[in-house]
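**Student:** Please read through the structure below; I'll follow up with questions.
Quick note: the coordinates plus some simple rules give every number you see, no bench work behind them. Here the structure is a predicted model, which is why all the values come from computation and not from measurement. Note that we place each Cβ from the backbone using ideal geometry, even for glycine, and neighbour counts take in every protein chain shown.
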Amino acid sequence: MEQDGRRLFLMTCIGGVAAVTAGAVAYPVISYLAPRKGKDNSASVTIPEKELPPDGAKFFQYHGKAAVIVRKKDGSVTALSAVCTHLGCIVQWEAKKGEFICPCHGGQFSAEGKVLGGPPPKPLEQLKATVANGVITIG
Amino acid sequence: MTLVRKLYDWVEVRLGISEVIEKEMTGYLLPRTINNWYSLGSVLLFAFTLQVISGILLLIYYVPDADKAFKSVSVIMNEIPFGWLIRLCHAVGSNLMVATLFLHMFSVLFMGSYKKPRELQWVSGFTLLNLVMGISLTGYLLPWSQLSFWATTVATNSVGAIPVIGEYLVEFVRGGKLVGPPTLGRFFAVHVAVLPLVIAGLIGAHLFFLKRTGISAPPTRNDPATTTRQGSSYHYDKHEGGIPFFPNFFLHDMTSVSIYMACLLGVVFFSPYLFFTPDSFVPANPFQTPAHIKPEWYFLANYQILKIFPSEIIGLTVQGAGMTFIALLPFVDRGDGRYPLKRPLFMVCSLGGIAMFIALSIWGHLS
């Protein structure tokens, strides 16, 4: 009985030391491998209005993801996430049709981001965009 | 506990794992007189594994491009969380691994364990020592610091002393007339792919030889003057009545591994730049040779020998002859006795050799 108690005590001690050692190794390794934090994610992106052609689109990075601004036929500007809501491919702007096409599986979106056809389950995410003094501010 | 037992039983039915454990662990008997020096092989296996793991982790952020290598190492050291720890474990670990290899070799040497039938273990072990020094040399260039650049320039330059083909060999090793971006590409490939594979293969062969011959018993004063191993048939050293590898000797192994880790982390935390000189922190500049460039401590004796002799080729020949003699030692020293104090000539030669190595290293460091 005493033998069993001693054995259990020693096994518990060894298990505890092993667990602490594993934690001491895992913490730095996981920290080392974790994705590095980018620049301030709350920052907004500014783009000169002249860089956006009429009926055209401009793609850019926003908070680490692809985004796009589009000038619609009425001259207003819309900012959208360029990530297709189906499987995450980046949509392409079709200027002639005035809509977005996803090359991966043929998803179609309007210039406002609404689903027009294909497999995407929901619209493209809308981003806040304001135009002032010839500068488009997203975010 | 029941789940673990069920899992064990499931594996047991399919693989007969208890038979393997019995044969390789609890039933693998070692001599009762075995000492801690015998655990240095396990320490080296652990050290090599640590080098491989830390090396793979470094590969995630290191960029093997002459324009970016130094910056990437700086980023690892200063910006990546715990990057300094991984890099220092790798850099300090390489030095400690060479030191442990030397200790392992000396213990085998003084216990006469290189003698028949363990000649192949000695030759493979000595080759491993040289390969580890080679992998350390190639890794030295990768940070692309002034120290890396010029130490590699000096080291590769000595190959040029070989008659006829020397000049071509230097160019071949460097990938150009001088050390430059092509050298980095070559050294990187050799350091992260070629040598680790060769070393891993040779470690496998080394362990295979050990398993086939059986471990040697430490020599004692009362050993018979002649070996009982006569004739040419295969024989395995069984050590009937010895201690099991697991758990008995495994605990010795773990103790030695813990001491190794204490030394490694002691240097990493309390003297992290022990193996770095100020030139390690300056990016490589091919137009500015720093003063007093020295190789790593384990190459200092070779470096000093090259300086002593008036001709580089004589220095290289002397070193080559010395290395060949050590590699072929079991075929030269074929006497039966293994107890060191009963081998005065051997003791004088080996202690003299070690003293000379240390003296040359100190001389090389101070000169």
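**Student:** Where does helix B:40-59 land angle-wise versus the long Cα axis of chain B, in degrees 0 to 90, nearest 10?
**Tutor:** 40
**Student:** Computed FRET efficiency, Cβ-Cβ of residue A:6 and residue B:2, R0 30 Å: what is it to the nearest 0.05?
**Tutor:** 0.80
**Student:** Compute the FRET efficiency between residue B:75 and residue B:25 as 1/(1 + (r/R0)^6), taking r as their Cβ-Cβ distance and R0 = 45 Å, and round to the nearest 0.05.
**Tutor:** E(calc), rounded to 0.05, equals 0.55.
**Student:** While we're on this one: Under the definition of Cα pairs under 8 Å and six or more residues apart, what whole-number percent is the relative contact order of segment B:162-264?
**Tutor:** The normalised contact order for segment B:162-264 reaches 13 percent.
**Student:** Now a separate question. Calculate, in whole percent, how much of the Cα-Cα pair population of segment B:226-367 lies beyond 22 Å.
**Tutor:** Tail of P(r) above 22 Å: 68 percent of Cα pairs.
**Student:** Here's a follow-up. Sort B:74, B:216 by Cβ crowding within 10 Å, fewest neighbours at the top.
**Tutor:** B:74, B:216
**Student:** Kindly express, to the nearest 10 degrees and within the range 0 to 90, the angle between helix B:119-141's C-alpha long axis and the longest C-alpha principal axis of chain B.
**Tutor:** It works out to around 30 degrees.
**Student:** Averaged across orientations, what area in nm² does the convex hull of the alpha carbons in segment B:65-155 project?
**Tutor:** Mean projected area for segment B:65-155: 7.4 nm², to one decimal.
**Student:** Follow-up question, since we're still on this one. Can you compute the helix-only [θ] at 222 nm over chain A? Use -39500 (n - 2.57) per DSSP H run of at least 4 residues, normalise by all residues, nearest 500 deg cm²/dmol.
**Tutor:** Only helices count here, giving -8500 deg cm²/dmol.
**Student:** With point charges of +1 on the Cβ of Lys and Arg and -1 on the Cβ of Asp and Glu, referenced to the Cα centre of chain B, which listed residue (B:62, B:348, B:151) lies farthest in the positive direction of the dipole?
**Tutor:** B:348
**Student:** Assuming R0 = 30 Å, what is the FRET efficiency of residue B:189 and residue B:356, from their Cβ-Cβ distance, to the nearest 0.05?
**Tutor:** Approximately 0.25, to the nearest 0.05.
**Student:** Please state the relative contact order of segment A:1-121 as a whole percent: Cα pairs under 8 Å, 6+ residues apart?
**Tutor:** Normalised by residue count, the contact order of segment A:1-121 is 12 percent.
**Student:** Related question: What fraction of the Cα pairs in the protein assembly as shown, stated in percent, has a spacing above 42 angstrom?
**Tutor:** The calculated P(r) of the protein assembly as shown puts 43 percent of pairs beyond 42 Å.
**Student:** Find the relative contact order for chain B and round it to a whole percent, using C-alpha pairs within less than 8 Å whose residues are 6+ positions apart.
**Tutor:** 28
**Student:** Could you please report the charge total around residue B:29, scoring K, R as +1 and D, E as -1 over all other residues with beta-carbon less than 12 angstrom from its beta-carbon?
**Tutor:** Charge balance near residue B:29 sits at -1.
**Student:** Beyond a 25 Å Cα-Cα separation, which of these cross-linked pairs lie in this structure: A:58/A:122; A:37/A:114; A:73/A:114; A:58/B:68; B:211/B:342?
**Tutor:** A:37/A:114; A:58/B:68; B:211/B:342
**Student:** If neighbour count is taken as other Cβ atoms inside 10 Å, put A:13, A:89, A:84 in order from fewest to most.
**Tutor:** In order of increasing Cβ crowding within 10 Å: A:13, A:89, A:84.
**Student:** Further question: At a 10 Å Cβ-Cβ cut-off, how would you order A:74, B:253, A:4, B:9, fewest neighbours first?
**Tutor:** A:74, A:4, B:9, B:253
**Student:** Further, regarding this structure: If amide H atoms are built 1.01 Å from N in the plane of the peptide, which residues on other chains or at least 5 residues away come under 5 Å of the amide H of residue A:92?
**Tutor:** The answer is A:101, A:102.
**Student:** Also: If amide hydrogens are placed 1.01 Å from N in the peptide plane, which non-local residues have theirs closer than 5 Å to the one on residue B:145?
**Tutor:** Answer set, sorted by chain and number: B:284.
**Student:** Starting from 0 in steps of 5 Å, tell me what percent of the Cα-Cα pairs of segment A:18-88 lands in each bin.
**Tutor:** Per 5 Å bin, starting at 0, the Cα pair percentages come out as 3, 12, 17, 14, 13, 10, 7, 7, 6, 4, 4, 3, 1, 0.
**Student:** Related question: Mind checking Rg over Rh on chain B, alpha carbons, Kirkwood formula for Rh?
**Tutor:** Rg divided by Rh gives 1.00.
**Student:** So which lysines pass the test for residue B:6, namely a Cα distance under 29 Å, with those fewer than 8 places away in the same chain ruled out?
**Tutor:** The reachable lysines, counting only those whose Cα sits under 29 Å from residue B:6, are B:23.
**Student:** Now, a different point. List, in order, the whole-Hz ³J(HN,Hα) value for each residue of segment B:205-219 obtained from phi through the Karplus relation with A = 6.51, B = -1.76, C = 1.60 and θ = phi - 60°; use x for Gly and Pro.
**Tutor:** Each residue's phi maps through the Karplus curve to give 5, 4, 5, 4, 4, 4, 5, 7, 8, x, 6, 7, 8, x, x Hz.
**Student:** Helix-only mean residue ellipticity at 222 nm, chain B, DSSP H runs n ≥ 4 weighted -39,500 (n - 2.57), per residue, nearest 500. What is it?
**Tutor:** Here the helix-only value at 222 nm equals -19500 deg cm²/dmol.
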